[in-house]
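**Student:** Here it is, the structure in full.
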Amino acid sequence: MNRNAPLVLGIETSCDETGVGVVRGTELLANTIASSMDEHARYGGVVPEVAARAHLEALEPTIRQALAEASVSLDELDAVAVTSGPGLAGALMVGVGAAKALAVSLDVPIYAVNHLVGHVGADLLDTEAPLETPTVALLVSGGHTSLLLVRDLVSDVELLGETIDDAAGEAFDKVARLLGLPYPGGPEIDRAAVGGDPSAIRFPRGLTKPKDLERHRYDFSFSGLKTAVARWVEQREAAGEPVPVADVAASFREAVVDVLTAKAIDACRELGVPRLLLGGGVIANARLRAVAAERTAAAGIELRIPPLSLCTDNGAMIAALGAQLIMGGHEPSTLGFGADSTLPVTEIQA
Amino acid sequence: MLLAIDTSAGTSVAVVDRDGGVLAQRGTPDAMRHAEVIGELITEALAAAGVAPGRLSGVAAGMGPGPYTGLRVGIAAARTFALGIRRPFVPVPSHDAVAWAHLASGGAPAVQIVTDARRREFAVSEYLGLDADGLPVRAAGPVLVPRDEVPAFDGVRLDAAEIPAGGVGMLAELAFAAGRLPLADDAAIYLREPDVTPSPGKRVTR
Ligand SMILES: [Zn+2]
């Protein structure tokens with residue numbers, strides 16, 4: 001096997017995107033995604049059984065398409081990498097079963113990797129200034145909201161904090177729904193917030209009070225925020241007053257963005273790490289990127305944001321992490337690993 | 001020579017040959033660990049048969065019915081294995097394979113196959129012997145019925161807790177030889193719409 005620049009195919013099925021990526025070392029050759037998002041739209045959120053069914057149908061065609069885009073054939077592959085967790089169990093299992101069989105059929109090693117660490121690995125692809133460690137990483141999507149300290153991508157990742165209830169992306173979806181906006185909520189809230197005053201309503205910032213900070217300094221909570229928005233809107237409606245949707249959307253978004261960036265920067269400062277990496281689908285939110293840029297600049301912290309196509313869930317980041325493990329001399333995973341919906345971030349490879 | 005996989009009950013993997021029969025079969029009835037065991041069972045079955053992947057002419061998979069989470073693991077694995085060796089993927093209804101194994105070994109011609117479908121239901125198919133090509137004649141099913149309402153049937157009821165992949169593979173070989181492929185659509189046999197409980201936006205104040 002080529003250990004300097006291994007050709008790796010990565011498979012990602014932890015949520016509603018069927019992602020297949022092909023990398024050669026840190027070079028991105030293909031990043032192909034089939035999304036079942038449209039099928040979830042009418043339910044207002046990701047339905048696990050719908051996602052798992054969609055993965056089964058999409059996976060093989062997506063692998064074919066990724067290989068074609070990368071202009072490589074299966075027998076050139078040095079290894080297969082796959083997300084083994086965390087994520088939706090039934091969805092993960094489709095990818096795990098497929099990846100194992102593919103690896104056995106090609107007689108190549110398999111690397112089972114951690115989805116969250118994969119998000120960090122995405123930053124290594126096609127860049128002239130490679131990721132430096134240590135770095136703090138803020139990963140925000142519909143499925144997770146996590147703050148990590150990455151001392152070494154393939155051997156030392158620590159969970160600083162995570163959401164104790166809803167993921168940030170989920171909060172966007174739920175608030176969008178109560179404002180009568182469609183799924184997914186992130187872009188809809190953004191659109192609705194145009195012209196709105198972000199300081200019109202002071203919605204609560206979860207886990208930022210001194211007594212909460214003692215135990216939950218780097219944790220997040222968005223459930224109370226969602227409830228506060230619902231209550232505010234309902235009181236308006238009950239009073240027969242119009243709901244200022246733009247102000248509500250802008251103020252809600254501001255509360256989310258404020259707490260996400262404040263805690264991430266607090267972690268950088270406290271730990272003396274002058275780097276912050278963003279990842280996850282919610283990074284598509286322009287306001288989040290803008291506030292993160294402002295605040296990191298003010299604090300003298302380097303901000304890294306991979307291209308959006310590598311921020312949302314994708315197979316290229318999984319392939320990238322697999323390639324890093326190979327280049328770092330790590331042994332392949334043994335074939336008996338399973339899908340672990342709650343795989344801790346400290347387990348970079350299963 | 002085919003690799004055959006069925007995960008509609010436990011996990012079963014076989015290597016079969018039209019002339020040589022079932023060359024090797026490995027499996028576990030464990031209905032919770034399909035993703036864990038699938039890779040090792042494929043490796044073991046190939047090794048026991050002494051067959052390298054490149055010598056296979058296709059990959060057959062039981063398409064269900066069966067509990068979905070496990071069922072998908074075998075279908076996904078069979079499809080990518082077929083992709084990896086650049087050979088056809090051959091979908092087979094899992095009940096057909098059980099019926100064929102029963103009928104081909106001289107069992108009573110009228111047979112009702114009953115398997116677990118969770119949620120206090122069974123999946124049921126009915127067969128009436130083998131046709132001229134030696135393929136089982138399905139007269140009804142598969143359908144879901146409540147466990148205490150399995151339809152009365154004039155024949156043998158066969159409750160299958162395991163679906164041996166050897167039967168899946170041999171039936172695929174037979175159908176291929178008779179020019180009768182495909183035996184099924186290339187889609188998992190779910191028999192239920194996905195379970196979705198869209199939570200209506202609920203009020204938090206009164
Ligand atoms: Zn993700």
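The values are calculated or read from the model by the stated rules, or taken from the named source; none is laboratory data. All of these numbers come straight from a predicted model, not from anything done at the bench. Every residue, glycine as well, gets a Cβ built from its backbone with ideal geometry; the counts of neighbours run over all protein chains shown.
**Student:** Scanning the range A:121-152 for residues that are within 16 Å of the ligand (Cβ to nearest atom) and part of a loop (DSSP other than H, G, I, E, B), which turns out surrounded by the fewest Cβ atoms within 10 Å (Cβ to Cβ)? Working first, answer last.
**Tutor:** So in the range A:121-152, the residues within 16 Å of the ligand (Cβ to nearest atom) come out as A:121-123, A:125, A:137-148, A:150.
Those left that are additionally part of a loop (DSSP other than H, G, I, E, B): A:125, A:141-144.
Details: A:Leu125: 24, A:Ser141: 26, A:Gly142: 28, A:Gly143: 21, A:His144: 25.
Going through the qualifying residues, I end up with A:Gly143.
**Student:** Of the residues in the range A:153-171, how many are away from chain B (no Cβ under 14 Å) and either within 15 Å of the ligand (Cβ to nearest atom) or polar (S, T, N, Q) (or both)?
**Tutor:** So the answer is 8.
**Student:** Related question: From A:Leu102, A:Leu67, grab the single residue that is facing chain B (nearest Cβ under 10 Å), touching a residue at least 24 places away in the same chain (Cβ under 8 Å) and buried (at least 24 other Cβ atoms within 10 Å of the Cβ).
**Tutor:** Working: A:Leu67 fails: buried (at least 24 other Cβ atoms within 10 Å of the Cβ).
Unique residue meeting the criteria: A:Leu102.
**Student:** Could you list, in sequence order, the residues of the range B:149-188 that are surrounded by fewer than 21 Cβ atoms within 10 Å (Cβ to Cβ) and within 14 Å of another protein chain (Cβ to nearest Cβ)?
**Tutor:** Listed by number, the residues that qualify are B:Asp185, B:Asp186, B:Ala187.
**Student:** Further question on the same structure: Whether any residue in the range A:6-16 is surrounded by fewer than 19 Cβ atoms within 10 Å (Cβ to Cβ) and either under 19 Å from A:Pro109 (Cβ atoms) or within 16 Å of the ligand (Cβ to nearest atom) (or both) is what I want to check. Lay out the reasoning, then the answer.
**Tutor:** Taking the range A:6-16 first, the residues surrounded by fewer than 19 Cβ atoms within 10 Å (Cβ to Cβ) are none.
Checked against the condition, which is being surrounded by fewer than 19 Cβ atoms within 10 Å (Cβ to Cβ) and either under 19 Å from A:Pro109 (Cβ atoms) or within 16 Å of the ligand (Cβ to nearest atom) (or both), the range A:6-16 yields no hits at all.
**Student:** Which residues, counting only those in the range A:207-235, are closer than 14 Å to A:Phe172 by Cβ and either touching a Phe, Trp or Tyr at 6+ places or on another chain (Cβ under 9 Å) or part of a loop (DSSP other than H, G, I, E, B) (or both)?
**Tutor:** Hits for the range A:207-235 are A:Phe222, A:Leu225, A:Lys226, A:Val229.
**Student:** Just one of A:Ile110, A:Ile164 is of a type in the set (A, V, I, L, M) and farther than 29 Å from A:Gly97 by Cα; which is it? Walk me through it before giving the result.
**Tutor:** Details: A:Ile110 fails: farther than 29 Å from A:Gly97 by Cα.
Within the list A:Ile110, A:Ile164, the selection yields A:Ile164.
**Student:** Could you check the range A:70-87 and list, in sequence order, the residues that are assigned to a loop (DSSP other than H, G, I, E, B) and either at the interface with another protein chain (Cβ under 8 Å from one of its Cβ atoms) or within 20 Å of the chain's Cα centre (by Cα) (or both)?
**Tutor:** Step one: filter the range A:70-87 for residues assigned to a loop (DSSP other than H, G, I, E, B), giving A:71-73, A:77-78, A:86-87.
Answer for the range A:70-87, where residues must be assigned to a loop (DSSP other than H, G, I, E, B) and either at the interface with another protein chain (Cβ under 8 Å from one of its Cβ atoms) or within 20 Å of the chain's Cα centre (by Cα) (or both): A:Pro86, A:Gly87.
**Student:** Restricting attention to helices (runs of 4 or more DSSP H) lying wholly within the range A:236-326, give those where 2 or more residues are away from the ligand (no atom under 16 Å from the Cβ), touching a residue at least 12 places away in the same chain (Cβ under 8 Å) and touching a Phe, Trp or Tyr at 6+ places or on another chain (Cβ under 9 Å). Write out each step before concluding.
**Tutor:** Numbers: elements: A:245-271, A:286-299, A:308-311.
Because the criterion is at least 2 residues that are away from the ligand (no atom under 16 Å from the Cβ), touching a residue at least 12 places away in the same chain (Cβ under 8 Å) and touching a Phe, Trp or Tyr at 6+ places or on another chain (Cβ under 9 Å), the helices (runs of 4 or more DSSP H) in the range A:236-326 that meet it are A:245-271.
**Student:** Among the candidates A:Arg202, A:Arg217, single out the residue that is more than 16 Å from the ligand (Cβ to nearest atom), over 21 Å from A:Glu270 (Cα atoms), among the charged types (D, E, K, R) and at pLDDT 95 or above.
**Tutor:** On the way: A:Arg217 fails: over 21 Å from A:Glu270 (Cα atoms).
That would be A:Arg202, the only listed residue that is more than 16 Å from the ligand (Cβ to nearest atom), over 21 Å from A:Glu270 (Cα atoms), among the charged types (D, E, K, R) and at pLDDT 95 or above.
**Student:** Among A:Gly336, A:Gly329, which is within 14 Å of chain B (Cβ to nearest Cβ) and either assigned to a helix (DSSP H, G or I) or more than 16 Å from the ligand (Cβ to nearest atom) (or both)? Give the steps one after another, and end with the answer.
**Tutor:** On the way: A:Gly329 fails: within 14 Å of chain B (Cβ to nearest Cβ).
Unique residue meeting the criteria: A:Gly336.
**Student:** Pick from the range A:32-69 the residues that are polar (S, T, N, Q) and modelled with pLDDT of 90 or more: which of them is nearest to the chain's Cα centre (by Cα)?
**Tutor:** Initially, the range A:32-69 is screened for residues polar (S, T, N, Q), giving A:32, A:35-36, A:62, A:65.
The next check asks that each one be modelled with pLDDT of 90 or more; those that pass are A:32, A:62, A:65.
Numbers: A:Thr32: 16, A:Thr62: 20, A:Gln65: 23 Å.
My answer is A:Thr32.
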